[in-house]
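The values are calculated or read from the model by the stated rules, or taken from the named source; none is laboratory data. Quick caveat, the model's predicted, so the values are computed rather than measured. Cβ placement follows ideal geometry from the backbone for every residue including glycine, while neighbour counts extend to all protein chains displayed.
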Amino acid sequence: MKLDDTRALVTGASSGIGAELAVQLGEYGARVCLAARRRELLDAVAERVRRAKPSAVAHVLPVDLDTEAACRELIDRSVEALGGLDLLVINAGISMNARFEELPDPLATARAIMETNYFAAVALTAQALPHLRRSRGRIVVVSSLVGVAPLPTRTAYAASKHAVHGFFDSLRAELGAAVGITLACPGAVATPIREVSKAQGRGATAAELPDDEQMSAAECARLILDAARAEKRELRMTAAGKLSPWMRLIAPGVIDRVTRYKLGLDRRS
């Protein structure tokens, strides 16, 4: 897929991986709609996109993707602003960091995560598909390694990402070559998502990985766009990410103990 002059919509574009994806698309000279809740952060990212290359264009579309109507309006506004749609980047998401038993309201947490991570992705896709069919475009879904390999303290988050994989893998089989789909599965990336989870009451149980074990958001975005250009079906970014699903088939108990230890769970009473 050629990214030069691409008409792209990036959700969750106000920080982290989404912001870096938008800026790097700007470096290709893309025309980008930036969607997230916080306008002031989107404005700052939009300036970075416009500075990336003279031909880059950025439109700021503040939105909360909590309803089907909001998702429908976002696609409509993006198509109007861009004159069509070639690339839909579904990056908006929320996480958690707590043992399931420690959540004050486990069902409410699971519902909130599923609404943002799964149902919003489905709603955006449903509205965008007619436009992507016309352009023979691509959907890039920023999922997680947790979507293929479970992780303690991420129960509802893992469930949402497994749902994402089930939906988009099945949709890819339906669409054939009409619209491409790339599922990107980052591991630990240095973004604000964990701080947001803590601030919004979804826990702070597990220890954070050391900085040298976390990928930068810029590097993660580069790998994702490289995968989109190469029209890859799925992207796993690290050796551990590529091996862990297979290791779970061979020695699942060992993997569980290792992840519990690295997250500090076995050191708690």
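Table: residues versus (1) more than 19 Å from the chain's Cα centre (by Cα); (2) touching a residue at least 24 places away in the same chain (Cβ under 8 Å); (3) more than 23 Å from LEU225 (Cβ to Cβ).
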position	(1), (2), (3)
GLY26	no, yes, no
VAL32	no, yes, no
GLU40	yes, no, yes
ALA44	yes, no, no
ALA56	yes, yes, no
ASP64	no, yes, yes
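Which pairs have Cβ atoms under 8 Å, sit 6 or more apart or on different chains, and link a residue in segment 109-133 that is farther than 16 Å from GLY166 by Cα to one that is among the acidic types (Asp, Glu) and part of a helix (DSSP H, G or I)? Correct list of pairs: GLN127/ASP76. Taking the conditions (1) surrounded by 15 or more Cβ atoms within 10 Å (Cβ to Cβ); (2) not in a helix (DSSP H, G or I) in turn, PRO104 satisfies each one other than (1). Out of PRO62, PRO54, one residue alone is surrounded by fewer than 16 Cβ atoms within 10 Å (Cβ to Cβ) and on the phi < 0 side of the Ramachandran plot. It is PRO54. Every test in (1) out of contact with any Leu (no Cβ under 8 Å at 6 or more places or on another chain); (2) over 13 Å from VAL140 (Cβ atoms); (3) in contact (Cβ under 8 Å) with a residue 12 or more places away in the chain is passed by ILE17 save one, and that test is (2). Look at segment 157-172: where a residue is of a type in the set (Phe, Trp, Tyr) and a partner is crowded, with 17+ Cβ neighbours inside 10 Å and outside any helix (DSSP H, G or I), sitting 6+ places away or on another chain with Cβ atoms under 6 Å, you get TYR157/SER95; TYR157/MET96; PHE168/VAL141; PHE168/ILE181; PHE168/LEU183.
Yes or no, residue by residue, for (1) in contact with a strand residue (DSSP E or B) (Cβ under 8 Å, 6 or more places away or on another chain); (2) within 23 Å of ALA217 (Cα to Cα):
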site: GLY84; (1), (2): yes, no
site: ARG99; (1), (2): no, no
site: SER144; (1), (2): yes, yes
site: PHE168; (1), (2): yes, no
site: ALA173; (1), (2): no, no
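Select from segment 68-101 the residues that are assigned to a loop (DSSP other than H, G, I, E, B) and among the charged types (D, E, K, R) and write down the one among them that is farthest from ARG31 (Cα to Cα). Lay out the reasoning, then the answer.
Step one: list which residues in segment 68-101 are assigned to a loop (DSSP other than H, G, I, E, B), which gives 83-86, 91-99.
If we keep only those that are among the charged types (D, E, K, R) as well, we get 86, 99.
Numbers: ASP86: 10, ARG99: 42 Å.
If we take residues in segment 68-101 being assigned to a loop (DSSP other than H, G, I, E, B) and among the charged types (D, E, K, R), then ARG99 is farthest from ARG31 (Cα to Cα).
Number of residues in segment 107-136 that are assigned to a helix (DSSP H, G or I) and loosely packed, with under 15 Cβ neighbours inside 10 Å equals 8. Look at (1) farther than 22 Å from ILE181 by Cβ; (2) at pLDDT 95 or above; (3) not aromatic (Phe, Trp, Tyr) and you find that LEU87 fails only one, number (1).
Does ASP4 count as among the acidic types (Asp, Glu) and in contact with a Phe, Trp or Tyr (Cβ under 6 Å, 6 or more places away or on another chain)? Here the answer is yes, as ASP4 does meet what is asked. Among the numbered conditions (1) under 25 Å from CYS185 (Cβ atoms); (2) out of contact with any Gly (no Cβ under 6 Å at 6 or more places or on another chain); (3) not in a loop (DSSP other than H, G, I, E, B), tell me where LEU65 comes up short. Here LEU65 clears every test but (3).
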